[in-house]
Every structure is written in structure tokens, then in C-alpha cells.
Amino acid sequence: MTAAPSVTVRVPAKVNVQLTVGPPRADGYHDLANVFLAVALHDLVTATEAEELSVGCVGPGSDQVPTDDGNLAVRAARLLAAHHGRTPRVRLDIVKDIPVAGGMAGGSADAAGALLACDRLWGTATPRDELLAICAELGSDVPFSLVGGAALGRGRGEKLTELPVGGVFHWVFALADGGLSTPAVYRECDRLRGAAHVPPPEPDPALLAALAAGDAAALAPALANDLQPAALALRPALAATLATGRAAGALAGLVSGSGPSCAFLTGSAEEAAAVAEALAASGHCRAARATTGPAAGATTIDSHA
């Protein structure tokens, strides 16, 4: 029996090195200055020719991943098929290594992976700007998962300007038990701000310069996340995680996106290994992973006609 045609795509996790949140918009979203950096923790998404659309998932946290239209990868396949006026006859298989519900855009990465894999499988050769528009329809972080590297996200994060990065940055991610609802974190952010004036969000020139120079020591004091106070209010135990990583030698630490994962910037691979070991032994997180950034965006790694 001949194996059905398939395409496998690798997609990266992300960390927000700057997440500046503007006031609420009329549509309920917030304007952002969101500086994304892709990091080398990856999911694999394989699209295989099939009679009907289905999805499977294996790997850490896969029991928390929906296997219906609540899965962004499924919605990605449906949207791409509709865009080309075809039926989404495809089996999607996801191998998870990006933490689930950890503020590292794992679901968004899977959606971008499914888009690219289906586009290659179906031979639809969708122009990049059209793929990015479908990504933006799926979610605010999905366009960056397709692009990778480093980028400034405007609007709700979906309007991207790619950024130069002058070197490799060493990171450690402390993974928490359970997730945090992104809408709940934004609501808490608004509640904590109350009636205070919130200026329009802008990228930090010092942070952009540190990224371009590949200078971890300069990047560390510029790391910023306006959602961090809200995440800490909803999950106070994260404060101990942040303190542990900093005490172990990290240059800086912050909640990753809406959390609950925490990200620590270090000066070298050796320092990252030491911080990861200290965090893993502390009891303040479920696990700790050392990795690097930037990483490439969604990339086809295997194809069988």
C-alpha cells in the first residue's frame, strides 16, 4: 500500500521581549507594541491527504489540546480550504514540545504550521500576504508564528514589521502547572489600571537597539511586559518563580506573554543550564527548559508525495 502524500512543518515558540498594552479599544482588543522573538522550542505539524478533516496530538500537554474546531490548526485548514474553494480533506498530526497554555503561542504556532503544511500539500501556492491575512483572522500571534525571527507587532499584534537581531540570546523557560486565560489576564490588567491614563503603546528604542546588537546585557533591563502585574495578581506563586530564576543568575526574568510560563534571559549557554537546574530543583515550577533565540518561523522539513 502506498503511503498518502504528507507534508511536515516545524514551528517555533515565542517570547515577548516587550509587551506594551494600550487602553481597551471599542472592539474589546487593545493596541499593542509587541516585540516578538521566536525561540527554538518547536511543535511539528504534519498534514496528510485524507477523506475528511481530523486532528491528532501527542507530546507533553497533548491531553489539553482540543481535537475539534476549538483547535486553531483545524480552523486554519478550514480557512485555507475555503480561501481556495476546496474541501479540507486532510489529517493533521501535531507533535507538541511547546508548552500548552503557557503564554508561548503554542496554539498559534500549530495554526501557522497547519496553514503552511496544507498549502504545500494541496499545491495551492498561496501568496505570503494572503497567508498572513488568514493568520491574522485566526489570532493575534499566528502571523508571527509563520514569520519567526524577531518582529514588532502593532494593532493587536498581527501587523508585523520584521526586526534585525545581531546575535543569539540564551533563554530559560519555567513552566507552570495549569494555564492562565489570556482574556482574563487582559481584564485584570484593565482592572488594575482603573481610571489611570494609558498612553499609546510604542516600542522601546533601547530594546530594539539591544536586539539589533545581540547584546544580552543591554536587553535585560529593557525587557517589559505590561501584563505581568495582572498575571501575578491572578497567580501569585509566579513571584517566587521569578525570584528563583533571578537569584540563580539570570540577567532578567519576566512572565512570558499572558503567562503562566516565566522567561529568563541569561548571558550564555552555561548560565542558562545553571538557571534551568536551579529552577527545576526549586519546586516553584513544573519544569525548566533552556533554549535560544531567534529561531526561524514555520519551515517545511519533510514532504512525501
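Simple spin-label model, 7 Å along Cα-to-Cβ: S181 to R25 in nm?
2.2
What is the angle, in °, between the Cα long axis of helix 182-193 and the longest principal axis of the Cα atoms in the chain? Nearest 10 is fine, range 0 to 90.
The angle comes out at about 30 degrees.
For region 184-305, what is the convex hull volume of the alpha-carbon atoms per residue, in Å³?
174
Just one of (1) 14.9; (2) 19.2; (3) 15.8 is mean projected area of the Cα convex hull in nm² calculated from these coordinates, so which is it?
(3)
Could you work out how far helix 128-138 tilts from the main Cα principal axis of the chain, as a 0 to 90 degree angle to the nearest 10?
That helix lies at roughly 70 degrees to the long axis.
What's the local net charge at T244, with K and R +1, D and E -1, over the other residues with C-beta under 14 Å away?
Local charge sum for T244: +1.
Can you tell me the orientation of helix 72-83 relative to the chain, as the angle in degrees between its alpha-carbon axis and the longest Cα principal axis, to the nearest 10?
It is inclined by approximately 50 degrees.
If each DSSP helix of 4+ residues adds -39,500 (n - 2.57) and the sum is divided by the residues in the chain, what number results at 222 nm, nearest 500 deg cm²/dmol?
After summing the helix terms and dividing by residue count, I get -10000 deg cm²/dmol.
How large is ³J(HN,Hα) for each residue in region 194-201, as worked out from phi by the Karplus curve 6.51 cos²θ - 1.76 cosθ + 1.60 (θ = phi - 60°), to whole Hz, x for Gly and Pro?
x, 8, 4, 5, 10, x, x, x
Values in this text are rule-based calculations from the coordinates and carry no lab data. This one's a predicted model, so the numbers in the text were calculated from it and none came from an experiment. Here the Cβ is made from the backbone with ideal geometry for all residues, glycine too, and neighbour counts use every protein chain on show.
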